[in-house]
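K.L.:
Would you mind keeping the following structure in view while I ask a few things?
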Amino acid sequence: MAARILHRLRHALAGEGGREEPAGGGGEAEDCPESSELEDDTEGLSTRLSGTLSFTSHEDEEEEEEGDGASEELEEPPQAPGAAAGTEDGEWVSAAERPGGSLLTRQLQELWRRSRGSLAPQRLLFEVTSASVVSERSSKYVLYTIYLIRSGQFDKAPATIARRYSDFEQLNRRLRCRFSCNMASVAFPRKRLRRNFTAETIAKRSRAFEQFLSHLHSIDEIRRSPEFLEFFFLPDLQAAQRLTCTGMYREALATWANAYRLQDRLGVCSSGRFLLTLAGLAVCHQELDQLSEAHGCCEQALQLLEAQGSHPLLGPFLQAHVHLAWKVGKDKRRSEARLQDLREAGLPLQQQPSLKECLIKEPLE
């Protein structure tokens, strides 16, 4: 698979590399110190020398593999006309089942059959899919778009982030202050003062950031740390909160949804930030008159809060769930019973803020 992808990209680079190189050249690129590269990282560099990074879906891979005439999948080998022998009664017999059939073929077919029913272990992959040069009034930098992908799956709506070099540098600095021992073996790409916007430099940085994030994610303590996690989803939460406060619910909904996917990929679906994300989704769905979706978000949040006797968002979620259940014709008796328990425990529900008020007042720093 990797060899064919590299082969195709080399052909693409032969036609595209010349067109993109001028965009990265010039004296203007040398004035910006906010850049990096991975030293002596030739592996993987040739796949990105065009400076354009692309994400290929499973459907595209299948079409391209058919064109190449070879496949990495252990599937039943296709039979050319005349390659399969027919019995007298017309029954088809594969080459592996005929006398003298290849033992290797039978072994591969058996391995394929077993692998179809097995669950391969999944891990999180980080892939830089695009890099764009952003020019502002006083600065110029490269913005990297990164997909978070579960191996063995294809996400129709992938979790994405867009970060510049200074964001990665801040993460690296914070982690080294707290996890100096664990970070001793983690390589971080150096800064450069020249040739920051050439295709080759962007390709090296892209590879470096993928390696950097993958290495961090492989270390248990770092993977669970707030510094690492919030690097991914805190900017989305802050942006979604601002959009919600200004009444831009459709734009906010997309941002809340991406924050949801990021936290799901990172495995932090029981945290306070995740509950806040569900509150944001519920509020935006309700404001956009998508009541069934809002009701579903409340139900998911209440399942997470099932074992908690008290939580600042428990009362608001229960009240929102009762209201939405009545609107969409769903059972609301369990939520009403839990609200009654809270009243008997002395919680002044009349003074409880709504989900929207909780969302607006929550400090996100």
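The values are calculated or read from the model by the stated rules, or taken from the named source; none is laboratory data. None of the values given here were measured: they were computed from a predicted structure. No Cβ is skipped: glycine too gets one built from the backbone with ideal geometry, and neighbour counts run over all protein chains shown. Just so you know, the surface numbers come from the protein's heavy atoms only, side chains and all, with ligands and any DNA or RNA stripped out. Shrake-Rupley method; radii C 1.70, N 1.55, O 1.52, S 1.80 Å.
K.L.:
Provide the gained length on full extension for the span Ser292 to Lys156, in nm with one decimal, where the gain is 0.36 nm per separating residue minus the Cα-Cα distance.
P.N.:
Gain on stretching Ser292 to Lys156: 46.8 nm.
K.L.:
Give me the net charge for the shell around Ala279: Cβ to Cβ below 14 angstrom, other residues only, Lys and Arg +1, Asp and Glu -1.
P.N.:
Spelling it out: positives minus negatives among the neighbours equals -2.
K.L.:
To continue, here is another question. Kindly report, to the nearest 10 Å², the accessible surface of Glu344 as traced by a 1.4 Å probe over protein heavy atoms only.
P.N.:
140
K.L.:
Counting only other residues whose beta carbon sits under 11 Å from that of Arg176, what net charge do I get with K and R as +1, D and E as -1?
P.N.:
Result for the neighbourhood of Arg176: +1.
K.L.:
Which residues does a label at Leu364 reach in segment 243-258, if reach means a backbone N under 12 Å from a point 7 Å past the Cα toward the Cβ?
P.N.:
243-246, 252-258
K.L.:
Right, another one. Between Glu221 and Gln340, take the C-beta separation as r, use R0 = 51 Å, and let me know the FRET efficiency to the nearest 0.05.
P.N.:
Rounded to the nearest 0.05, the efficiency is 0.75.
K.L.:
Lys204: which lysines have alpha carbons under 26 Å from its alpha carbon, excluding same-chain residues fewer than 8 sequence positions away?
P.N.:
Once the sequence-local lysines are set aside, what remains near Lys204 is Lys140, Lys191.
K.L.:
Full-extension gain between Ser135 and Arg190, please, as 0.36 nm times their residue separation minus the C-alpha to C-alpha distance.
P.N.:
Residue separation times 0.36 nm, minus the Cα-Cα distance, leaves 17.6 nm.
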